[in-house]
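Just below is one structure, and these are the notes that go with it.
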Amino acid sequence: MARVSKNQSSEAAIAPPMAKDGAIARLVTLFGSLGRNRDKRVHYVFDAGDPNYKEIILPAEAGIHSIALRVPAAAWYERELHDQYGVEIAGHPDLRPLIFHENWPDGVHPMVDAVESVPWSNREYRFLEVQGIGIAEVAVGPVHAGIIEPGHFRFSVVGDTVLNLELRHFYTHKGAEKLFEGRSCNQGTLIAESISGDNCFAHAVAYSQAVENACRIDIPPRASAIRLIGLELERLVSHISDVGGLCTDVGFSVAASYATRIKESLLQASSRCCNTRYWRGIAVPGGVRVDLDTGKLLELSREVAEAAREFSDLAKLILTTPSIQNRFETAGILRQDVARDLAVVGPVARASGMDLDVRRDHPYAPYDQVQFDVPVTHYGDVMARARIRVEEAAISARIIQEAVNGLPAGSVLASLDTLGELQGSSAVESPRGELYYWLEARDGRLTRCHVKSPSFQNWPAMPFAVAGNIIADFPLINKSFNLSYSGCDR
Amino acid sequence: MIFEVIERSLRQPNRVIPVEALLGNCDGSRMPDVIASQLTPAISQKLVEVCPTAAFRIEECDGWACLKLSYGECIGCGKCFEPGEGAVVAAKSFTLCGNPKDQLVRVWDLERRTEIAPLRPEPGVVREQIHRLLGKALNVRQLDAGSCNGCEAEIAALTNPYYDLERFGIHFVASPKHADMLLVTGPVTRNMAEAVRATYEAVPAPKLVVAVGACGCSGGIFAGSHAVVGAVDAVIPVDGYVPGCPPTPAMLVTGILKVLRRRIAK
Ligand code: SF4
Ligand code: SF4
């Protein structure tokens, strides 16, 4: 277990654990919860390079000491903790409200206070100001041009060049973590699926695994094989869509439209296979809700093979087109040290030289049985992020083929005993990277469920990739991160 | 290089789905349908118990016990199929997309096992009608009021080569000031309420508003959250509703065209 030290002042503090290379271990997540007597606690989860994550729990009634200056990745988490739990955080460089906007009154913390009728307020919010001669501010959002989610971007520019980008998110904050409380373990899946709709299956699986880990059960092999097929299909669809989106943003509309067609063919194949285009309502704690027909899965796998072949052909065209290379290369570089400081995950991390993948590093069934490569490159630009996705798409397609061909027979749902006090966690490599669920339940009802989404983790890194680029490249750089607003805002 | 691009696009087969095959289609949405003859009070009771969003309710109408299914609240989770013991199945077609709120509900008489006031099927829209409806083209602005992005993904799919919304003259525009219709997704969050109102104000009259998805219709799975104001109609007036979580592109097309037809018929 971890070291908990008291520091000079009355606030509690932790010493972040070290990884094998001597650096501070990667912060996975940081969140609050309430103990038996509704006493506030803070959970720190680190990845020190072992298969198991390291969790440190700190009593927080008297406040805590910020770790943000040593672990910059903790900065947003601590702000969220401050908003949601009202935990005092000493030494944090920026404790402006993060989740709740001007309309939210000071002093109301939803995870501890009554929120039946919260009055509307009009408090102040100050953006950072970049001062100097010739600096202009450009404000974009929350409503953007296009079919995308809302968020606010505040650019400070000199001419065309972005000096600083400040994010203001949480427009789509729906109080999801609070909404889990009181739901049955089974129904919690429905909220998990609606945290980030395009990665709904990864959320459903991560949530379900957390319940299964809490109950200490294994699910039937056929169920975990079906989950694997769904997870890899989601990654394939997501990566195809992202690469197509990059083409849209540079005006290569033939390729963009080609990508949307390949994506749609997979969604329709899913619909024929399991009557859901995005694999909603399939994963539940204990396995999968209904068995899928082996014949239909074989048909799905043929569609996957065809889509993968077409996509690799398309990707070759995209990545060798000189005008595309010109736009993608050296645009939006995320430096490896910044990526590390902010504990970035997923394809974005792998494109900046961080070799991590939950499927390999913290394996969950049945990935321990699957052989696959984890592509890593260190250029950190838009091109690198595109290439990583192209390579991963091909790997996912191959994993799906193998899983369908070797599909075990048997049942797909194990029964769960959710009586008593339960606590469990689980991580999944979603298309955007590490997704982590932590939950607590009493007699079958959730008392707490925390969701660490890869988007919450990666958003703070995006402005670092944008700084120094021209503002016209922002949509492209933003797209190459492909972060979910709803997943971040929850 | 450019020749390769041209050659490729010429080689692409035509994938457009004919409009007749889209209207009323709900494949992949898992919208439930009720087989009235199989319905019993015991089954109905079970449906009410399993439904996570209270889309199924038992109510008394005219002295009879009735089963109500409010599609605006249904998230298509499929949890009612098994306990329905054959009385609930995945719908083969779904024609309520685009309806006003009071016409999103179906009611069955549990005593007589019949549907009360079944909705008359809409007359099928034919190609010429669509061209008459849209002769002057329709500009649509999508507005995310706090969705999970599932609905966005399906709206974005409308522009792919299978649905090709542009063939009807329906076009997505970048500014509300250029829009005839707002497609609003998501429950309206507290943090978005002001922006939703402002966007609605910016649309020139006559403005059509379509609430999209279970969240847009009723708040869906997020109904009752402290961070959510409510369904879209809690904040701005709505002309038609498209249920589903998320609604499929075919359901969206059905809904958009129906709202438009109602407006033109007025
Ligand atoms: S499919 Fe719809 S009606 Fe059936 S249980 Fe789910 S939400 Fe309720
Ligand atoms: S209706 Fe469903 S898909 Fe649409 S925003 Fe709500 S939860 Fe997401």
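Of the conditions (1) within 12 Å of another protein chain (Cβ to nearest Cβ); (2) outside any helix (DSSP H, G or I); (3) surrounded by fewer than 24 Cβ atoms within 10 Å (Cβ to Cβ), A:K174 satisfies every one except a single condition; which number is it? Checking A:K174 against (1) within 12 Å of another protein chain (Cβ to nearest Cβ); (2) outside any helix (DSSP H, G or I); (3) surrounded by fewer than 24 Cβ atoms within 10 Å (Cβ to Cβ), the one that fails is (3).
Among the residues of region B:238-262, those that are within 13 Å of chain A (Cβ to nearest Cβ) and of a type outside the set (S, T, Y) comprise B:G244, B:C245, B:P246, B:P247, B:P249, B:A250, B:M251, B:L252.
Say whether the condition of being more than 9 Å from every other protein chain (Cβ to nearest Cβ) and of a type in the set (F, W, Y) is met by at least one residue in region A:82-104. For region A:82-104, residues more than 9 Å from every other protein chain (Cβ to nearest Cβ) and of a type in the set (F, W, Y): present. For region B:154-168, a residue qualifies if it is facing another protein chain (nearest Cβ under 7 Å), assigned to a helix (DSSP H, G or I) and more than 14 Å from the chain's Cα centre (by Cα), and the qualifying residues are B:A156, B:A157. Restricting attention to region B:194-237, the residues being more than 16 Å from ligand 2 (Cβ to nearest atom) and either facing chain A (nearest Cβ under 10 Å) or surrounded by fewer than 20 Cβ atoms within 10 Å (Cβ to Cβ) (or both) number 14.
Residue pairs whose Cβ atoms lie under 8 Å apart, separated by 6 or more positions or on different chains, with the first residue in region B:143-160 and assigned by TED's automatic domain parsing to the domain that holds B:C217 and farther than 20 Å from A:S455 by Cα and the second away from ligand 1 (no atom under 16 Å from the Cβ) and of a type in the set (G, A, S), are B:N160/A:S257. Taking first residues from region B:203-219 that are closer than 20 Å to A:G175 by Cβ and partners that are among the hydroxyl-bearing types (S, T, Y) and within 16 Å of ligand 1 (Cβ to nearest atom), the Cβ contacts under 6 Å between residues at least 6 apart in sequence or on separate chains come to B:C217/B:Y241.
For region B:102-109, indicate whether the set of residues that are crowded, with 20+ Cβ neighbours inside 10 Å, at pLDDT 90 or above and more than 16 Å from ligand 1 (Cβ to nearest atom) is non-empty. No, every residue in region B:102-109 fails to be crowded, with 20+ Cβ neighbours inside 10 Å, at pLDDT 90 or above and more than 16 Å from ligand 1 (Cβ to nearest atom). Residue-level analysis places B:P83 outside the set of residues that are closer than 25 Å to B:G240 by Cα, out of contact with any Gly (no Cβ under 8 Å at 6 or more places or on another chain) and not in a helix (DSSP H, G or I). Beta carbons closer than 9 Å, at least 6 apart along the sequence or on distinct chains, pair a first residue in region B:45-73 that is small (G, A, S) with a second that is assigned to a loop (DSSP other than H, G, I, E, B) and within 7 Å of ligand 1 (Cβ to nearest atom) for B:A55/B:C74; B:A55/B:I75; B:A55/B:C80; B:S70/B:T53; B:S70/B:A55; B:G72/B:A55.
Determine whether A:T377 is in contact with a strand residue (DSSP E or B) (Cβ under 7 Å, 6 or more places away or on another chain), β-branched (V, I, T) and in a loop (DSSP other than H, G, I, E, B). Step through it out loud before you land on a result.
On the way: in contact with a strand residue (DSSP E or B) (Cβ under 7 Å, 6 or more places away or on another chain): no; β-branched (V, I, T): yes; in a loop (DSSP other than H, G, I, E, B): yes.
When the stated conditions are applied, A:T377 does not pass them.
Being outside the structural domain of B:F56 (by TED's automatic domain parsing), within 16 Å of ligand 1 (Cβ to nearest atom) and either over 30 Å from B:P18 (Cβ atoms) or among the small types (G, A, S) (or both) is a condition met by at least one residue of region B:182-200. Only one of the listed residues (B:G240, B:G219, B:G255) is within 16 Å of the chain's Cα centre (by Cα) and either more than 25 Å from A:T276 (Cα to Cα) or within 15 Å of ligand 1 (Cβ to nearest atom) (or both). That residue is B:G219. Scanning region B:17-41 for residues that are in contact with a Lys or Arg (Cβ under 7 Å, 6 or more places away or on another chain) and either within 20 Å of A:E264 (Cβ to Cβ) or modelled with pLDDT under 85 (or both) yields a count of 2. Among the residues of region B:240-266, just one is in a loop (DSSP other than H, G, I, E, B) and at pLDDT below 95, namely B:K266. Would you confirm whether or not region A:186-193 contains a residue that is under 25 Å from the mean Cα position of the chain (by Cα) and either away from chain B (no Cβ under 13 Å) or over 24 Å from A:R432 (Cα atoms) (or both)? Yes, that holds for at least one residue.
The rows are residues; the columns are (1) within 11 Å of ligand 1 (Cβ to nearest atom); (2) more than 14 Å from every other protein chain (Cβ to nearest Cβ).
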residue: B:I35; (1), (2): no, yes
residue: B:A42; (1), (2): no, yes
residue: B:V50; (1), (2): yes, no
residue: B:A55; (1), (2): yes, no
residue: B:I58; (1), (2): no, yes
residue: B:C61; (1), (2): no, yes
residue: B:L69; (1), (2): yes, yes
residue: B:E85; (1), (2): no, yes
residue: B:R112; (1), (2): no, yes
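Hey, among B:K68, B:K79, which residue is within 16 Å of ligand 2 (Cβ to nearest atom) and touching a Lys or Arg at 6+ places or on another chain (Cβ under 9 Å)?
Values: B:K68 fails: within 16 Å of ligand 2 (Cβ to nearest atom).
Of the residues listed, the single one that is within 16 Å of ligand 2 (Cβ to nearest atom) and touching a Lys or Arg at 6+ places or on another chain (Cβ under 9 Å) is B:K79.
Put simply, of B:S37, B:S44, B:S29, B:S9 the only residue that is more than 16 Å from ligand 2 (Cβ to nearest atom) and buried (at least 21 other Cβ atoms within 10 Å of the Cβ) is B:S44.
Yes/no per residue for (1) more than 16 Å from ligand 2 (Cβ to nearest atom); (2) in the same structural domain as A:T276 (by TED's automatic domain parsing); (3) in contact with a His (Cβ under 9 Å, 6 or more places away or on another chain); (4) not hydrophobic (A, V, I, L, M, F, W, C):
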site	(1), (2), (3), (4)
A:S156	yes, no, no, yes
A:G188	no, yes, no, yes
A:S194	no, yes, yes, yes
A:I219	yes, yes, no, no
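Within region A:399-415, is even one residue outside any loop (DSSP other than H, G, I, E, B) and touching a Phe, Trp or Tyr at 6+ places or on another chain (Cβ under 9 Å)? Yes: region A:399-415 contains one or more residues that are outside any loop (DSSP other than H, G, I, E, B) and touching a Phe, Trp or Tyr at 6+ places or on another chain (Cβ under 9 Å).
For every residue, the table says whether it meets (1) small (G, A, S); (2) modelled with pLDDT of 95 or more.
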site: A:M111; (1), (2): no, yes
site: A:Y125; (1), (2): no, no
site: A:G132; (1), (2): yes, no
site: A:G146; (1), (2): yes, no
site: A:T172; (1), (2): no, yes
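Within region A:241-264, can one find any residue that is assigned to a helix (DSSP H, G or I), under 26 Å from A:L297 (Cα atoms), more than 9 Å from chain B (Cβ to nearest Cβ) and among the charged types (D, E, K, R)? There is at least one residue in region A:241-264 that is assigned to a helix (DSSP H, G or I), under 26 Å from A:L297 (Cα atoms), more than 9 Å from chain B (Cβ to nearest Cβ) and among the charged types (D, E, K, R). Do we have B:G224 as free of Cβ contacts under 8 Å to residues at least 60 places away in the same chain, within 16 Å of ligand 1 (Cβ to nearest atom) and not in a strand (DSSP E or B) here? Taking the combined requirement at face value, the residue satisfies it.
Of the residues A:R168, A:R235, A:R183, A:R227, which is more than 22 Å from the chain's Cα centre (by Cα) and not β-branched (V, I, T)?
Working: A:R168 fails: more than 22 Å from the chain's Cα centre (by Cα); A:R235 fails: more than 22 Å from the chain's Cα centre (by Cα); A:R227 fails: more than 22 Å from the chain's Cα centre (by Cα).
From the options A:R168, A:R235, A:R183, A:R227, the qualifying one is A:R183.
Summed over region A:145-167, the residues that are surrounded by fewer than 18 Cβ atoms within 10 Å (Cβ to Cβ), more than 7 Å from chain B (Cβ to nearest Cβ) and more than 20 Å from A:L98 (Cβ to Cβ) give a count of 5.
The values are calculated or read from the model by the stated rules, or taken from the named source; none is laboratory data. Note that this is a predicted model, so its numbers are computed, not measured. Cβ sites come from the backbone with ideal geometry, for glycine too, and all protein chains shown count toward neighbours.
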